[in-house]
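The values are calculated or read from the model by the stated rules, or taken from the named source; none is laboratory data. Treat the numbers as computed from the prediction; the structure is a model and nothing was measured. Heads up, the Cβs are rebuilt from the backbone with ideal geometry, glycines too, and the neighbour counts pull from every protein chain shown. Please note that ligands, DNA and RNA were not included when accessible areas were found on the heavy atoms of the full protein model with its side chains. Shrake-Rupley method; radii C 1.70, N 1.55, O 1.52, S 1.80 Å.
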Amino acid sequence: NMILGMGLFAEENTMSKEVLMIDNEITGYVQRILQGVDVNDHTTDLSILKEVGPGGTFIDKRHTFENYRKEMWIPNICHRGMTTTAAEKEDVGIRGNAKIAIDKALRNYMAPSLPENIEEKLDEIISE
């Protein structure tokens with residue numbers, strides 16, 4: 001239940017900050033998929049295909065540099081590398097990266113400022 005149960009597991013009876021961060025990552029991926037792929041004359045420039053030719057590479061082309069990040073989804077916490085030990089899986093895998101992202105988010109959190117007269121408004125509401 002990705003929409004109503006972000007961060008929940010064990011039949012939605014338990015919440016985890018790590019699971020919440022992982023669910024957020026998955027949601028970002030789904031949002032990117034739902035955007036679709038931009039197909040137009042610029043993104044499908046056939047002149048580059050002709051220039052590179054069979055067996056060639058696009059990686060050093062300006063067109064690739066200017067466009068590849070627009071279509072790619074780049075994860076924040078997913079681990080794409082190999083891990084060989086249980087300790088590496090815990091420290092470097094998605095759970096470890098989620099823990100690091102949580103720590104960073106909590107360290108950098110700035111509470112939003114409230115309007116100056118909010119206490120007066122709340123007192124008015126409470127007194128009614």
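Of all alpha-carbon pairs in the stretch 21-121, indicate the percentage at a distance above 21 angstrom.
Counting pairs separated by more than 21 Å, the tail of P(r) holds 62 percent.
Based on DSSP H segments of at least four residues, each scored -39500 (n - 2.57), the chain has a per-residue ellipticity at 222 nm of -16000 deg cm²/dmol. The per residue volume of the convex hull around the alpha-carbon atoms of the stretch 1-79 is 126 Å³. In terms of the mean number of neighbouring beta-carbon atoms within 10 Å, the peptides 14-27, 104-117, 51-64 order highest first as 14-27, 51-64, 104-117. Using the beta-carbon distance between LYS50 and LYS70 and R0 = 30 Å, what value does 1/(1 + (r/R0)^6) give for FRET efficiency, to the nearest 0.05? That gives a FRET efficiency of 0.85. Extending 7 Å from the Cα toward the beta-carbon at both ILE118 and ASP103 defines two label points whose distance is 3.0 nm.
Average accessible surface for the chain: 83 Å² per residue, computed with a 1.4 Å probe over protein heavy atoms with every protein chain in place.
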